[in-house]
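Have a look at the structure below, then the notes.
Bear in mind that the values in this text are calculations on the coordinates, not laboratory data. This structure is a prediction, so every number in the text was calculated from the model and none was measured. Every residue, glycine among them, receives a Cβ derived from its backbone with ideal geometry; neighbour counts consider all protein chains shown.
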Amino acid sequence: MNAYSKDRHTYSLALLAVVLAFSTFKDGLKSVPVPFGFFATNLLLIGGIFAALLVASAYFFAVGHFLHGTKFQNSQATRWVFSFADKLYVLGMFLPISLPALITIGLFMKFIAGLASDIAAKDLVLSFGLVSSLSQVVAILLITNKLFDLRRSAKNKAKSAEFGDAIEEQLKSAEELYKNQFYGSTALEAYKVIELAIRERLETQDYYTNTLNAVELLKLAKSKKIIDTPLENRVHELRQLRNKAAHSITSFDKNAADFALGVAQEVLQTITPVSDQ
């Protein structure tokens, strides 16, 4: 099950739980106060906000996946849609967890207000209550953003590790073919190493590569400054050698295989996997 499927199932379960809670305990939830500074809220309202955030997140994810596979899949707008959807998801999931802190701070502020004996002091406490409420909002947003960054970093490192295993396996295959003097096959495997390394870097920067052919992949890598022009030219030259090897147009000697492995090693030295950073 991939990360998106897990998120989708999480949405479904969370939304189902909220709907059941609303339908079964609607009056009970409404009667449970949730102090927010000195603003009167209740558990039903907080649950409604929680559900709305998850619905909005699912909606933006749907928009993003509708654009996936089109020519707009790697546009800045599409990447913003996915990022915004992910932040809404993290905020929605964090909101229920933050309830104890909200309630505790609200009760503390009410306790302070009860200690005030004159109107001026009460006005001061009410002003502090407003500041406290705004601080709670800011704290939730800051924590949400930090959780989003941690979640994204963990996801990208996991994805990079998967690519890293595939790259290592492919490179060993190329070197083994080279030792056995299968020079044409060496060129094929060396190019696969390069493609995997480029895809790893692009996908950990939230670009989609599954639908890109070899030329489009190199073009995107060049435009995002993952590889420079001289390296791009050598990779293109290796791509042409790979095509010849794939169609058995010409025989390959040791020099051609050396060139293929050299370009692959250069790409690996240029593109450091995210999991190694």
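For segment 65-71, the Karplus equation 6.51 cos²θ - 1.76 cosθ + 1.60, evaluated at θ = phi - 60°, returns couplings of 6, 5, 7, 5, x, 9, 5 Hz by residue, with Gly and Pro reported as x.
With all pairs of separate Cα atoms included, segment 158-276 yields a Kirkwood hydrodynamic radius of 14.3 Å.
In order along segment 142-149, the phi-based Karplus estimate (6.51 cos²θ - 1.76 cosθ + 1.60, θ = phi - 60°) of 3J(HN,Hα) comes to 5, 5, 4, 5, 5, 5, 4, 4 Hz; Gly and Pro are listed as x. Taking a ≥ b ≥ c as the square roots of the eigenvalues of the Cα gyration tensor of segment 206-248, is the shape rounded (a/c under 1.5), prolate (a/b larger than b/c) or oblate? Because a/c hits 1.5 or more and a/b fails to exceed b/c, segment 206-248 counts as oblate.
Close amide H contacts of Asn42 (hydrogens built in the peptide plane, cut-off under 5 Å, sequence separation of 5 or more or a different chain): Val34. When peptides 210-222, 194-206 are sorted by average Cβ neighbour count within 10 Å, with the highest value leading, the order is 194-206, 210-222. The HN-Hα couplings worked out from phi for segment 186-198 by the Karplus form 6.51 cos²θ - 1.76 cosθ + 1.60 (θ = phi - 60°) are 4, 5, 4, 5, 5, 5, 4, 4, 5, 4, 4, 5, 5 Hz, whole numbers, x standing for Gly and Pro. Remark: relative contact order (segment 158-276) = 39 percent; criterion is Cα-Cα distance under 8 angstrom and separation of 6 or more residues.
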